[in-house]
Amino acid sequence: QVQVVESGGGLVQPGGSLRLSCAASGSIFSIYTMGWYRQAPGKQRELVAVITNGGSTDYAESVKGRFTISRDNAKNTVYLQMNSLKPEDTANYYCNCNARAGIARPTMTYWGQGTQVTVSS
């Protein structure tokens, strides 16, 4: 089984920065894509950023130029650097990864429990 744990959320003023971290652990054979999603109250969960194990990235239009996703494959960890934060970035941020728990196991998607980001003055 694979566990995914996020950290780094909190309260920040508009224009501020936060760095989220997400570590995958457990029985891991290989991790492929890792990504960040967010869900605000009353809204659907949406993709924020995604990164492949080769380092290719993709971002939601609303965060391009402000957020940067990166990963450390040796640590099975993905990061989300968030700059120039806006009140509309307020949401619960979830990490996920597509991974195989063993050589004969299928690729599955694993989700973390989420970390709250609140942007407010």
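Quick note: the coordinates plus some simple rules give every number you see, no bench work behind them. Everything quoted here is computed from the prediction, not taken from an experiment. We place every Cβ from the backbone using ideal geometry, glycine too, and count neighbours over all the protein chains shown.
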- Query: Residues with beta-carbon under 13 Å from that of G10, excluding G10: net charge, scoring Lys, Arg +1 and Asp, Glu -1?
  - Reply: -1
- Using a 10 angstrom cutoff on alpha carbons, build the Gaussian network for the chain and name the most mobile of P87, P14, P106. P106
- Ranked by GNM mean-square fluctuation in the chain (Cα springs under 10 Å), the top entry among E46, E88, E61 is E61
- Message: How charged is the neighbourhood of Q81? Take every other residue with its Cβ under 11 Å from the Cβ of Q81, and add Lys/Arg as +1 and Asp/Glu as -1.
- Response: +2
- Rounded, prolate or oblate: which one fits segment 68-112, using the alpha carbon gyration tensor with axes a ≥ b ≥ c (rounded when a/c is under 1.5, else prolate when a/b beats b/c, else oblate)? oblate
- Computed about the Cα centre, the charge dipole of segment 1-74 from +1 Lys/Arg and -1 Asp/Glu charges at the Cβ has a magnitude in debye, to the nearest 20, of 160 debye
- Query: Relative contact order, percent, of the chain when contacts are C-alpha pairs under 8 Å separated by at least 6 residues?
  - Reply: 37 percent
